[in-house]
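What follows is calculated from the coordinates using simple rules that are stated; it is not laboratory data. Computed from a predicted structure; not experimentally measured.
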Amino acid sequence: MPPRLARRTLWRRPPSGALQHSADLFDMIRKGDLHVEVTASYPLGEAEQAHLDIESRRTSGKLLLGPRR
């Protein structure tokens, strides 16, 4: 059986390990090996609606919450 990765184990890594993990992740995105699909974008003024949409499962994928749409 493959090892189970629990969320709490990710936070036990030393900061240098977390930094390396983040660097590896962003390198994969830059190279095109990992695609992040943003399915909806909300301006900061609509943060409440973004949360409601997540809670009601009206969205799938990643949501972007930012200063501009």
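Working note: Karplus 6.51/-1.76/1.60 with θ = phi - 60° gives segment 23-32 the couplings 4, 4, 4, 5, 4, 4, 5, 4, 6, x Hz, where Gly and Pro are set to x.
Here segment 9-66 is treated as a sphere whose radius is the Kirkwood value from Cα pairs; by Stokes-Einstein at 4 °C and 1.567 mPa s it diffuses with a coefficient of 95 µm²/s. Between Ile54 and Asp24, residue separation times 0.36 nm minus the direct Cα-Cα distance comes to 8.0 nm.
Amide H contacts of Leu64: Ala40, Ser41, Tyr42, each under 5 Å away and 5 or more positions distant or on a separate chain (H built 1.01 Å from N in the peptide plane; Pro and chain starts excluded).
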